[in-house]
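Participant: One structure is given below, represented as structure tokens, and several questions about it will come after.
The values are calculated or read from the model by the stated rules, or taken from the named source; none is laboratory data. Just so it is clear, the structure is predicted and the values come from calculations on it, not from any experiment. Here the Cβ positions follow ideal geometry from the backbone for every residue, glycine too, while neighbour counts run over all protein chains shown.
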């Protein structure tokens, strides 16, 4: 007699979650310290992030709805894992948690102790721990919250049935609000009236200040996160940043977290949406089209250059333009790959462009490329050039010849009267100056606190000191302040690999209920490069296979492998006429060190898999 009962489902390997440790301690808990044992009975989502990373900021926004919907069963814990030296400062993490409205506990891990315990390789990474303290999933990159939502629902049912689910309030304790006129302002603009318009980012408003840069004349926006057009008191923004004057009575606003451009009528105070759908652009979305019908991704700054508004599209590492006359938007430069590559706009690479300024003669558009700590520019033909900066992993504070000078995550650029450029060198707390005539970098001022922008006002330069919540007026000095040279590389530990042949495997498993989408050709794409380029003897370039054999030059002892992977998946149900499809993408910068006995295989996980 044959037993018709189905075979039991194999049990998943159960991996106990490592403890949460971080020298910086806990934030958003009212001073309470927590262990995983304290959270037993709850579904814990660990968000490994760093506040410089735009993908990490996207995940913060993605998590808000899940946190609210499952607030009695889910505890999100942010594990702050710094890339830049400035991000290892505890005070800077405290500021970032407030700046970006993080409404869950955060563990400050400046030495990457917990990062290493969980074998994390990329920012951001989400790890799900079940109510019994076991790791059940790990996802690298953004766009995975829909899969985590399904997993959370399954875990709620499973552990409610077992009696191991504990419901109730979480450990989050909101900090006391500070009574300052501005709160983490982002960008500023000198208005025709002589007043200043400032994006009061954390309060989701625009503030017009009098000529003294201190007295508030009016506020535009309700002060609550939202995406509403209308009069000044009811319109709403979501972490607005860049500002540009369209004409004497209108300003265009980069409404960053709404993924939109808004128009402010300076006379009436009315706000309207001119570009973006309110939804984030994803791979496969249109890259040009009607302004209101085309999705954008975290526009950080805007500038009028030629007859178009240029957009620093930090979310996808590109420059886009908005044409007010044609009412269209489209990509102008950048491939969406993250890095520093010059050349024609269609071939250039950027890394979170965050500041724009057009030269008065119309010959150059300057930009602060924050993640490469670079000052770059676009010429009238659309070609991209680099003035200062070498790549994703080199930064510091060093003056001198531009080829040797170093910045640290700059967010703003300002063209000075003599044609030189002031750089808001944000993580160095400094205002720097690059002179194209001499190709030299000098320091104009120090002891600023996270300067994010600056505007000219007569013979003065007015700096947005974002972390001091104010505008600071400086007289441009004739001589630069001398600063000791400091150079850094990213603190993340290098992976020891064998010289010669290295097998690169990007591991992808479609989320439950989905399969690879091969209807229109290959569903996957892999792009590999290296810094320095000489590290890769073979294996560079693009292909459709997620596995590749690389040949590393033994003469190059260390470097960085840049890996970009994409996979498309759709619902696996033939009965569904219009299946929902998703594009999964992740970029890695993996520091490697060639050593005898090093690993001959480098696995990278593109989408979350059950542990």
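Participant: Of these, 68, 98, 87, which one is farther than 29 Å from residue 407 by Cα and part of a helix (DSSP H, G or I)? I'd like the intermediate steps shown before the answer.
Facilitator: Values: 98 fails: farther than 29 Å from residue 407 by Cα; 87 fails: farther than 29 Å from residue 407 by Cα.
Only one candidate passes the filter, namely 68.
Participant: From the set of residues in the range 425-449 that are crowded, with 23+ Cβ neighbours inside 10 Å and touching a helix residue (DSSP H, G or I) at 6+ places or on another chain (Cβ under 9 Å), which is farthest from residue 199 (Cα to Cα)?
Facilitator: The extreme case among them is 428.
Participant: Mind listing whichever residues of the range 330-355 are assigned to a loop (DSSP other than H, G, I, E, B) and out of contact with any helix residue (DSSP H, G or I) (no Cβ under 9 Å at 6 or more places or on another chain)?
Facilitator: At the first step, the residues of the range 330-355 found to be assigned to a loop (DSSP other than H, G, I, E, B) are 334-337, 339-340, 342, 344-348, 351-352.
Correct list: 335, 337, 342, 344, 345, 346, 347, 348.
Participant: Quick check on the range 86-101. Is at least one of its residues in contact with a strand residue (DSSP E or B) (Cβ under 6 Å, 6 or more places away or on another chain) and either assigned by TED's automatic domain parsing to the domain that holds residue 565 or under 30 Å from residue 567 (Cα atoms) (or both)?
Facilitator: no
Participant: For the range 172-183, state whether one or more residues are modelled with pLDDT of 95 or more, under 30 Å from residue 306 (Cα atoms) and either part of a loop (DSSP other than H, G, I, E, B) or out of contact with any helix residue (DSSP H, G or I) (no Cβ under 8 Å at 6 or more places or on another chain) (or both). Reasoning before the result, please.
Facilitator: To start, the set of residues in the range 172-183 that are modelled with pLDDT of 95 or more comprises 172-173, 182-183.
When the remaining residues are screened for being under 30 Å from residue 306 (Cα atoms), the result is none.
No; the residues of the range 172-183 include none that is modelled with pLDDT of 95 or more, under 30 Å from residue 306 (Cα atoms) and either part of a loop (DSSP other than H, G, I, E, B) or out of contact with any helix residue (DSSP H, G or I) (no Cβ under 8 Å at 6 or more places or on another chain) (or both).
Matching residues to (1) part of a loop (DSSP other than H, G, I, E, B); (2) free of Cβ contacts under 8 Å to residues at least 40 places away in the same chain; (3) crowded, with 20+ Cβ neighbours inside 10 Å:
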position: 357; (1), (2), (3): no, no, yes
position: 365; (1), (2), (3): no, no, yes
position: 376; (1), (2), (3): no, yes, yes
position: 382; (1), (2), (3): yes, no, no
position: 385; (1), (2), (3): no, no, no
position: 395; (1), (2), (3): no, no, yes
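Residue by residue, here is whether (1) free of Cβ contacts under 8 Å to residues at least 24 places away in the same chain; (2) under 24 Å from residue 168 (Cα atoms); (3) over 18 Å from the mean Cα position of the chain (by Cα) holds:
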site: 63; (1), (2), (3): no, yes, no
site: 68; (1), (2), (3): yes, yes, yes
site: 71; (1), (2), (3): no, yes, yes
site: 76; (1), (2), (3): no, yes, yes
site: 81; (1), (2), (3): no, no, no
site: 91; (1), (2), (3): yes, no, yes
site: 98; (1), (2), (3): no, no, no
site: 101; (1), (2), (3): no, yes, no
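Participant: Only one residue in 544, 549, 531, 518 is outside the structural domain of residue 349 (by TED's automatic domain parsing), loosely packed, with under 14 Cβ neighbours inside 10 Å and modelled with pLDDT under 85, so which one is that? Steps first, answer last, please.
Facilitator: Values: 544 fails: modelled with pLDDT under 85; 549 fails: modelled with pLDDT under 85; 531 fails: loosely packed, with under 14 Cβ neighbours inside 10 Å.
The conditions single out 518.
Participant: Any idea how many residues of the range 198-229 are within 19 Å of residue 261 (Cβ to Cβ) and in contact (Cβ under 8 Å) with a residue 60 or more places away in the chain?
Facilitator: Adding up the residues that qualify gives 3.
Participant: Here's a follow-up. Report the residue count in the range 32-41 for those that are more than 17 Å from residue 102 (Cβ to Cβ), surrounded by fewer than 18 Cβ atoms within 10 Å (Cβ to Cβ) and in contact with a strand residue (DSSP E or B) (Cβ under 9 Å, 6 or more places away or on another chain).
Facilitator: 2
Participant: Kindly list the number of the only condition in (1) closer than 25 Å to residue 409 by Cβ; (2) in a helix (DSSP H, G or I) that fails for residue 320.
Facilitator: So the condition that residue 320 fails would be (2).
Participant: For the range 303-318, indicate whether the set of residues that are without any contact (Cβ under 8 Å) to a residue 60 or more places away in the chain, closer than 23 Å to residue 346 by Cα and surrounded by fewer than 18 Cβ atoms within 10 Å (Cβ to Cβ) is non-empty.
Facilitator: Yes, that holds for at least one residue.
Participant: Taking the range 503-515, which residues are more than 11 Å from residue 603 (Cβ to Cβ) and part of a strand (DSSP E or B)?
Facilitator: 514, 515
Participant: Is at least one residue of the range 448-459 at pLDDT below 90 and either under 26 Å from the mean Cα position of the chain (by Cα) or outside any loop (DSSP other than H, G, I, E, B) (or both)?
Facilitator: no
Participant: Now a separate question. Exactly one of these conditions fails for residue 232: (1) assigned to a strand (DSSP E or B); (2) surrounded by fewer than 23 Cβ atoms within 10 Å (Cβ to Cβ); (3) touching a residue at least 24 places away in the same chain (Cβ under 8 Å). Give me its number.
Facilitator: Here residue 232 meets the rest and fails (1).
Participant: Which of the residues belonging to the range 400-419 are in a loop (DSSP other than H, G, I, E, B) and surrounded by fewer than 20 Cβ atoms within 10 Å (Cβ to Cβ)? Full working, then the answer.
Facilitator: Step one: of the range 400-419, the residues in a loop (DSSP other than H, G, I, E, B) are 402-405, 407-411, 416-419.
Listed by number, the residues that qualify are 402, 403, 404, 416, 417, 418, 419.
Participant: Further question on the same structure: If residue 286 meets every condition in (1) surrounded by fewer than 22 Cβ atoms within 10 Å (Cβ to Cβ); (2) touching a residue at least 24 places away in the same chain (Cβ under 8 Å); (3) under 30 Å from residue 523 (Cβ atoms); (4) not assigned by TED's automatic domain parsing to the domain that holds residue 389 apart from one, which number is that one?
Facilitator: Only one criterion is unmet by residue 286, namely (2).
Participant: I've got another one for you. Run residue 497 past the list (1) surrounded by 15 or more Cβ atoms within 10 Å (Cβ to Cβ); (2) modelled with pLDDT under 90; (3) under 15 Å from residue 604 (Cβ atoms) and report the number of the one that doesn't hold.
Facilitator: Result: residue 497 fails condition (2) only.
Participant: Keeping to the range 240-275, report how many residues are in contact with a strand residue (DSSP E or B) (Cβ under 8 Å, 6 or more places away or on another chain) and touching a residue at least 40 places away in the same chain (Cβ under 8 Å).
Facilitator: 24
For (1) within 26 Å of residue 185 (Cα to Cα); (2) surrounded by 17 or more Cβ atoms within 10 Å (Cβ to Cβ), each residue gets a yes or a no:
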{"site": "27", "(1), (2)": "yes, yes"}
{"site": "57", "(1), (2)": "yes, yes"}
{"site": "62", "(1), (2)": "yes, yes"}
{"site": "65", "(1), (2)": "yes, no"}
{"site": "74", "(1), (2)": "no, yes"}
{"site": "80", "(1), (2)": "yes, yes"}
{"site": "83", "(1), (2)": "yes, yes"}
{"site": "93", "(1), (2)": "yes, yes"}
{"site": "105", "(1), (2)": "yes, yes"}
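Participant: Still on this model: Would you please name the residue that is farthest from residue 605 (Cα to Cα), looking only at residues in the range 118-157 that are assigned to a helix (DSSP H, G or I) and free of Cβ contacts under 8 Å to residues at least 24 places away in the same chain?
Facilitator: Residues of the range 118-157 that are assigned to a helix (DSSP H, G or I), as a first pass: 145-157.
Those left that are additionally free of Cβ contacts under 8 Å to residues at least 24 places away in the same chain: 151, 153-154, 157.
Numbers: 151: 18, 153: 23, 154: 23, 157: 27 Å.
Selected residue: 157.
Participant: I've got another one for you. State which residue is surrounded by the fewest Cβ atoms within 10 Å (Cβ to Cβ) when the search covers only the range 149-171 and only residues that are closer than 17 Å to residue 39 by Cβ and in contact with a helix residue (DSSP H, G or I) (Cβ under 8 Å, 6 or more places away or on another chain).
Facilitator: Checked the range 149-171; the qualifying residue surrounded by the fewest Cβ atoms within 10 Å (Cβ to Cβ) is 171.
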